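Data block below; observations after.
None of the figures in this text is laboratory data; all of them are computed from the coordinates on show. Just so you know, these numbers come straight off a predicted model, no measurement behind them. Quick reminder, even Gly has a Cβ in these numbers, built from the backbone with ideal geometry, and neighbours come from all protein chains shown.
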Amino acid sequence: QVQLVESGGGLVQPGGSLRLACVVSGRDISHNSMGWYRQAPGKQRELVASITSGGSPAYLDSVEGRFTMSRDVAKNTVYLQMNNLKAEDTAVYYCHVFRYSDSWGRGTQVTVSS
C-alpha cells in the first residue's frame, strides 16, 4: 500500500516562494513516475508537474519557469519548489504515484494573497 504525506504549504504574498514536500512510503520513488496536482475551489484537479522514474521533470505551461519538481531517492521524498507565486496558484496541492490510482495524500493548502 502506498502512503503519501504532503507538507510545506502556507500563506504567502504574491511573488513569494514555498517548497512543498511529499514523503512516500510503501513504494520506491526511483521506480515510479510521480506528479504534483492542485485543486482550487470549484475547479477540477490539474497536473502541474511530473517526474519520470528516470528523474526527468515536466510542467504545466502556466508554472513553467516558476516551479521545479525534484526528488531525493534516499529520503523517498519528492519536492515542489514554487517561486514567484501568483494568486491563481492558490489551491490544495497533492502528490500522486501514477501507477497506483488510489495513491493520494491529504494535500497541503497553498494560499497566495496580499
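Before moving on, here are some points about what is shown:
- Most fluctuating residue given options Leu18, Leu60, Leu85, as computed from a GNM of the chain linking Cα atoms under 10 Å: Leu60
- Low-density loop positions, trypsin sites (Lys or Arg not before Pro), the range 15-111 - DSSP coil, at most 12 other Cβ in 10 Å: Lys43, Arg106
- Förster radius 25 Å - calculated FRET efficiency between Glu64 and Thr111, Cβ distance, rounded to 0.05: 0.70
- Inter-label distance for Ser56 and Val73, nm, one decimal - labels placed 7 Å from Cα along Cα-to-Cβ: 1.6
- Label point distance in nm, Asp102-Gln39, each placed 7 Å from Cα along Cα→Cβ: 1.6
- About the centre of its Cα atoms, the chain shows a dipole size close to 140 debye [charges on the beta carbon of Lys, Arg (+1) and Asp, Glu (-1) only; nearest 20 debye].
- For the options Gly42, Gly16, Gly55, a Gaussian network treatment of the chain with springs between C-alpha atoms closer than 10 Å singles out Gly42 as fluctuating the most.
- Mean Cα-pair separation over length for the chain, i.e. relative contact order, pairs under 8 Å, 6 or more apart, %: 37
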